[in-house]
1. Take the residues of the stretch A:69-113 that are within 11 Å of another protein chain (Cβ to nearest Cβ) and basic (Lys, Arg): which is farthest from residue B:136 (Cα to Cα)?
2. Hey, among B:97, B:84, which residue is free of Cβ contacts under 8 Å to residues at least 40 places away in the same chain, assigned to a loop (DSSP other than H, G, I, E, B), of a type in the set (D, E, K, R) and surrounded by fewer than 21 Cβ atoms within 10 Å (Cβ to Cβ)?
3. Scan the stretch A:126-149 residue by residue and report those that are within 12 Å of chain B (Cβ to nearest Cβ), small (Gly, Ala, Ser) and either surrounded by fewer than 22 Cβ atoms within 10 Å (Cβ to Cβ) or assigned to a helix (DSSP H, G or I) (or both).
4. Among the residues of the stretch B:449-478, which ones are within 9 Å of chain A (Cβ to nearest Cβ) and in contact (Cβ under 8 Å) with a residue 40 or more places away in the chain?
5. Please go through (1) surrounded by fewer than 21 Cβ atoms within 10 Å (Cβ to Cβ); (2) closer than 16 Å to residue B:174 by Cβ for residue B:359 and return the number of the only condition it doesn't satisfy.
6. Mind checking which residues of the stretch B:274-297 are under 27 Å from residue A:132 (Cα atoms) and modelled with pLDDT under 95?
7. Considering the stretch B:54-71 alone, what residues qualify as being buried (at least 21 other Cβ atoms within 10 Å of the Cβ), hydroxyl-bearing (Ser, Thr, Tyr) and under 11 Å from residue A:18 (Cβ atoms)?
8. Looking only at the stretch B:177-223, count how many residues are β-branched (Val, Ile, Thr), touching a Ser or Thr at 6+ places or on another chain (Cβ under 6 Å) and in a loop (DSSP other than H, G, I, E, B).
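The values are calculated or read from the model by the stated rules, or taken from the named source; none is laboratory data. Because the structure is a prediction, the values reported are computed rather than measured. For neighbour counting, all protein chains shown are included, and Cβ atoms are generated from backbone atoms with ideal geometry for every residue, glycine included.
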Protein chains: 2
Amino acid sequence: MKSKDGYVFRFTMRPLPIKAGKMVCHLNEADAKEMGIQPFERIELTYPRNKKKAVSVVDLSYDSVLKRHEIGVLMDVQEKLGIRDGSPLVEVRPVGRPESIDFVKKKMNNQKLSLEEIKSIVEDISSNHLSEIETAAFVSAVYINGLDLDESTHMTKALIGSGKKLSIPGKIVDKHSIGGLNGRATMIVVPIVASTGLKIPKTSSRSITSAAGTADAMEVLAPVNLSLAKIREITQKTGGVIAWGGAVDLAPADDKIIKIEYPLSLDPEGQVIASVMAKKASVGAQYVVIDLPVGPDVKVKTQEKAESLARKFIEVGKRIGIRVEAVITNGMEPSGPAFGAALEAQHVLKILEGKVYDNLAQKAVELSGVLLELAGKSPKGKGTDMALHILQSGKALSKMKEIIRAQGGKPVSAHQIPFAKFRKEVRSMQSGELSNLNVKALTTIARMAGAPIDPYAGILLHVEEGQKLRKEQPVFTIYSGSRQRLDAAYDYMKTQTIIEMEKIILEKLE
Amino acid sequence: MKSKDGYVFRFTMRPLPIKAGKMVCHLNEADAKEMGIQPFERIELTYPRNKKKAVSVVDLSYDSVLKRHEIGVLMDVQEKLGIRDGSPLVEVRPVGRPESIDFVKKKMNNQKLSLEEIKSIVEDISSNHLSEIETAAFVSAVYINGLDLDESTHMTKALIGSGKKLSIPGKIVDKHSIGGLNGRATMIVVPIVASTGLKIPKTSSRSITSAAGTADAMEVLAPVNLSLAKIREITQKTGGVIAWGGAVDLAPADDKIIKIEYPLSLDPEGQVIASVMAKKASVGAQYVVIDLPVGPDVKVKTQEKAESLARKFIEVGKRIGIRVEAVITNGMEPSGPAFGAALEAQHVLKILEGKVYDNLAQKAVELSGVLLELAGKSPKGKGTDMALHILQSGKALSKMKEIIRAQGGKPVSAHQIPFAKFRKEVRSMQSGELSNLNVKALTTIARMAGAPIDPYAGILLHVEEGQKLRKEQPVFTIYSGSRQRLDAAYDYMKTQTIIEMEKIILEKLE
């Protein structure tokens, strides 16, 4: 490691076979000391052969596992430097802290951030110039000190600015549900709304901890890894699309922030609003309905909280030019009987085919109605009727088939969706009224059976809350592609209280 | 990757040549999804051959750089599993979040933590069960919401509990300076105090961003990487020791917390107090003097802040059974003329030899006096006189030689400490009164010249603040073992304002 003008040091690169979505290099601690660099400070690497540069956060390596004058380099950094293989020499220069750290500190000190300051933080998170430690400090500060409406609006604008944008002619609408349970209302709302001439380019998520996300369920019917160009093309042609949001870079900084929020279960209100509204603005939405399920097991626990959140969504929407309507829904029971991608897709098709009309269908019709009124497709108070008519007339089903075809899928009927090879039915051990379903346990069982990787694995409920059950009545069926997984899920199920029953006669006096 | 009972997965280990002081494994994102694991969640690895287990935090790897069913494993995890080399199969089982995350969240919600809760956090930081992200959130929460005196006391006890302890018979004293400038008062206080029969087992730090730490300067005279047993033995024999704190595990959790605080320059008061007091308690100190330098360029900026901090140190000390006296000192100018390990050691020896009596000597004498009074070796008000007498009588010098010998060094005189091979003298370009020295620039120059890796590199000042300088008077000399480094440091020096001068006549009216 020769020093050139006291600043540039030469290292032999030791490639690390990891692409971690961040820029990190490891230095031998003695080298770091010689360079005056502490963990989490930054260096700029230069690959002399092509002069390409990369800024990276420094982590240490102890006990000479990494030798002196060796630098352990993640694949992310190698790619930025254009290094394909081998262990070439690289030049390393210590660089200063990004200015955005001062703004993180400012939020920690409970001072209000300007648009420029929030933009600086978001850009540095997006480009990996802020380390995960610093991002964690920012997320913690936002959780503790909050973002006010101005700051939420700034954050929304900054997140929009960090990603790509969709621009489609016409009236663009969108919907978003804040932390509900299963249920795939989106797959019903999109074809209803698209039938009216409105454009709804919906990007959805895959499962994180649930049995399936909307993108997983839609993928049973059609490809969802669509490019931005493809999303635009399909929406212009059919009016709607249901794509996986992770395949398009609509708000890359937001993904990194969410990754850091997850381990601490942090979801500061101001950040949630900005995250949702930025994604809506990025697809060009002008009219948005926000679904706020309320219940003890979902994200929003109380009616008051939901109302306050609703008002803030509406206000931030107004400030960035989006008309928002927020609806508070019942988040106390599952939105549908299915847990698992194929089972959920099948249930959606049954609703579109007119074979079932249940809670989920009703919710989708009402949400569609709100959008139709908001975008002026229906007179006030007539949206739900219009949506229901579109559903019942079969128009929504034809539109869904059109969308499936446009995304590259082959439309099928509900009964053509195959079930997993193995199944096990679970029956009630007693009679009574079903007072509560343990959705968390059902989700775990569905995942143990193979969801979300096995799209056909999952659970189908045969009963609803409030229903009277006789002894031995089938309550639900577990599906799995693997006998072993099915048995494991079943064994786990036996250790859990899945349903709570109430006797009609609570006490007998003799 | 076969699933056994739905819980255990088998992976081929891909060793990563990094020992990072934490437990981290990388999974292919598809494997993580199949296992239902998000980044920063935890897994337990088992090495089937020896049944050894290790809990690790999970990070992801994208784009198949890491293949499916491969797990990238840091050396820290390999060592815990007893894997020496190769790419063996390991078993992986997802495990839950530690309970301490709830307590981190509690502090984020500004609730008071109990002793048990703080202990749980500290133990999980110490054992790497809390990830760096979660530790960052805790540190942020402590910075924003603070620790009250009860919590600071709990934190002190928890940090003591996480590490090893020294137990030496007799009256144990200690000193600590909070973020001062250069100056090595410790190397004068220890021999003075040890001459009186008090025991002072001093652990000191190495340089982080300065030109030298006390451990670096002492190392010029004697080995400082001493085991706890050795520290005990030397203290019992000679009364004092000056060892490197990093070589002994006195408060491992504290080191990890400081590592995370550093990038954000966080030093929450409650944590600083706990960190210092835990280290003092771990060496068994009964009487402690805390030196609080105050000035615009040091950690404590105002007199009021220093007084408040002083009262808290005294109170926490009382609660854990340590008598603390805190002194507020002048942190506005360098404590000594030397920047660099050997130059600082040489200056200390000059003071001990009676050749120099300057600010640093006076400060060391006063700090020693406080300890002598506190521990009852001197009547109230007579401590400074006693300390000065010990210094001037040559007793402190003999004691220092005794300590150097006991640590395995060979005592030398100040004039026997060699200078670096290359030097460059810097002279005043004008005449006037020296009003300010740019300590930050001096430190940078000393480091560019090779400090702290080259112990003989550094800067020696020939002037003091307030002194009148004539034009061309020597101001300081830069020393370096490398002509190239010396030139780079000198060139940098020319771009900086190192000294500020005031003319006696500020303005001339004509």
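1. Checking each candidate, the answer is A:97.
2. Details: B:97 fails: free of Cβ contacts under 8 Å to residues at least 40 places away in the same chain.
After applying the criteria, what remains is B:84.
3. So the first thing to find is which residues in the stretch A:126-149 are within 12 Å of chain B (Cβ to nearest Cβ), and the list is A:130-146.
Imposing the further condition that a residue be small (Gly, Ala, Ser) reduces the set to A:131, A:136-137, A:140-141, A:146.
Result: A:136, A:137, A:140, A:141, A:146.
4. Listed by number, the residues that qualify are B:449, B:452.
5. Just one mismatch for residue B:359, condition (2).
6. Restricting attention to the stretch B:274-297, the residues satisfying the condition of being under 27 Å from residue A:132 (Cα atoms) are B:274-275.
Once the filter is applied, which keeps residues that are under 27 Å from residue A:132 (Cα atoms) and modelled with pLDDT under 95, the stretch B:274-297 yields only B:275.
7. Result: B:61, single match.
8. First, pick out the residues of the stretch B:177-223 that are β-branched (Val, Ile, Thr): B:178, B:186, B:188-190, B:192-193, B:196, B:200, B:203, B:208-209, B:214, B:220.
Narrowing further to those that are touching a Ser or Thr at 6+ places or on another chain (Cβ under 6 Å): B:186, B:189, B:192-193, B:214.
With in a loop (DSSP other than H, G, I, E, B) added as a condition, the list becomes none.
Count: 0.
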